[in-house]
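> The structure follows.
The values are calculated or read from the model by the stated rules, or taken from the named source; none is laboratory data. Predicted model, so just to flag it, every value in this text is computed and none were measured. Every residue, glycine as well, gets a Cβ built from its backbone with ideal geometry; the counts of neighbours run over all protein chains shown.
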Number of protein chains: 2
Amino acid sequence: MPPNADQTRERIVTAAARLFYNEGIRAASVDAIAEKAGVTKKTLYYHFRSKDELIAAYLESRDQPTLELYARWFEATPGTPANKIRGVFAEFARSANTARWKGCGFLRTAAELANTPGHPALKAGAAHKKRFEKWLTDALGHEGVRDAATIARRIVVLLDGAATVMLIHRDPAYVEAAGEVAASLVEAP
Amino acid sequence: MPPNADQTRERIVTAAARLFYNEGIRAASVDAIAEKAGVTKKTLYYHFRSKDELIAAYLESRDQPTLELYARWFEATPGTPANKIRGVFAEFARSANTARWKGCGFLRTAAELANTPGHPALKAGAAHKKRFEKWLTDALGHEGVRDAATIARRIVVLLDGAATVMLIHRDPAYVEAAGEVAASLVEAP
């Protein structure tokens, strides 16, 4: 690899992430991504064999930051596990209730690629969602919540539902409704 | 309008619905839709001023059939309101657990058009989701469920979450998990 290849790769992924998220997977062209990253298309294709590989790299780059953000929200909320879950939904409602927010990038990518089963980005997105569910299971278990795996599974459906309905109606009342249900699952005997 | 203009319009919408659903909003071209409908592009643009208008017409064409399908599932399930809700999720899991199923067309369209606020198809999609929530509120109220509007709102988040997670993992266990939560909301005192 040429010197600074890692930094170049990172610059390309950052540019791709911004354009894929803001414009959509199919709408954002490789040309526009190369231009935004300040590299030639040849350099881009040195790092990524195809646009499909670049879409997968975009989602992979969002995996850890997303997990860390939710872990921060969970840990920063004081009180019972139910309070913490309420806090996560409240923080999500706040962050989503802006013009800049355009939905969950993982969900939008899955929606756009629904006709290409086996696409590397679908695998990267599904792997992220599994890691998220695992993180939530562990976090709830650590807080002493019984049957944490079952409850975490139900909460991820509520979170993804909240993100989806928020994209449709742009109304945080749906996120609050989902948060109430999620908190009650944690409180249940 | 020329004779049979209504039938021509319907043929175009049917072709558009199939291609938009199977390939995605941006991936399906107006040329391919005209060809599938067996009309010229001039005829297509006689009925629809733009592709955007055609995307909205696609979602509008799916509004009533979708409402009727869910109403049928709800009514066909015997027993308590909670049983009926369980039945709806079970039927949805069955219908989604096929290679042919590619997610909820309303949600996928919202995902693809996230960067175009005010798009006519986003309005059509949001109007459908509001009608769905209203239908569910009325159906639960008719069954004697108290606070039907609050419960219906929570259930639509669970249903959209189930559809989204099903698209990600292709695993009906998530739909069942959502259905259990939804049924418990209806059973709650």
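Results for (1) over 29 Å from residue B:152 (Cβ atoms); (2) among the small types (Gly, Ala, Ser), shown as yes or no for each residue.
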residue	(1), (2)
A:117	yes, no
A:121	yes, yes
A:132	no, no
A:152	no, yes
A:157	no, no
A:166	no, no
A:187	no, no
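> Which condition number in (1) surrounded by fewer than 17 Cβ atoms within 10 Å (Cβ to Cβ); (2) under 21 Å from residue B:116 (Cβ atoms) is the one that residue A:52 fails?
(2)
> I'd like the residue in region B:159-179 that is without any contact (Cβ under 8 Å) to a residue 60 or more places away in the chain and part of a helix (DSSP H, G or I) and, out of all such residues, is nearest to residue B:110 (Cα to Cα).
B:160
> Specify which of the listed residues (B:17, B:5) is touching a residue at least 24 places away in the same chain (Cβ under 8 Å), away from chain A (no Cβ under 14 Å) and surrounded by 14 or more Cβ atoms within 10 Å (Cβ to Cβ).
B:17
> Scan (1) within 8 Å of chain A (Cβ to nearest Cβ); (2) surrounded by 22 or more Cβ atoms within 10 Å (Cβ to Cβ); (3) within 21 Å of residue B:101 (Cα to Cα); (4) not charged (D, E, K, R) for the single condition residue B:181 breaks and write down its number.
So the condition that residue B:181 fails would be (3).
> Okay, moving on. Provide a single number: the residues in region B:20-38 that are part of a loop (DSSP other than H, G, I, E, B) and surrounded by fewer than 19 Cβ atoms within 10 Å (Cβ to Cβ).
So the answer is 4.
> Oh, and also: Residue B:171 passes all but one of (1) in contact with an Asp or Glu (Cβ under 8 Å, 6 or more places away or on another chain); (2) more than 8 Å from chain A (Cβ to nearest Cβ); (3) under 27 Å from residue A:20 (Cα atoms); which number fails?
(1)
> Moving to a separate point now. Being of a type in the set (Val, Ile, Thr) and either surrounded by 18 or more Cβ atoms within 10 Å (Cβ to Cβ) or modelled with pLDDT under 95 (or both) is the filter here, so list the residues in region B:78-92 that pass it.
B:85, B:88
> Give all pairs with beta carbons closer than 8 Å in which a residue from region B:93-120 that is within 11 Å of chain A (Cβ to nearest Cβ) and surrounded by fewer than 17 Cβ atoms within 10 Å (Cβ to Cβ) meets a residue that is at pLDDT below 95 and part of a loop (DSSP other than H, G, I, E, B); count only pairs at least 6 apart in sequence or on separate chains.
Matching pairs, first to second residue: B:99/A:117; B:115/A:27; B:117/A:99.
> Go over the candidates A:37, A:28, A:71 one by one and state the one that is of a type in the set (Gly, Ala, Ser) and within 16 Å of residue A:159 (Cα to Cα).
Unique residue meeting the criteria: A:71.
> Still on this model: Among the residues of region A:84-120 satisfying the criterion of being among the β-branched types (Val, Ile, Thr) and under 16 Å from the mean Cα position of the chain (by Cα), which is farthest from residue B:104 (Cα to Cα)?
Of everything passing the filter in region A:84-120, A:88 is farthest from residue B:104 (Cα to Cα).
> Right, another one. What number goes with the only condition from (1) touching a residue at least 12 places away in the same chain (Cβ under 8 Å); (2) farther than 21 Å from residue B:24 by Cα that residue B:52 does not pass?
(2)
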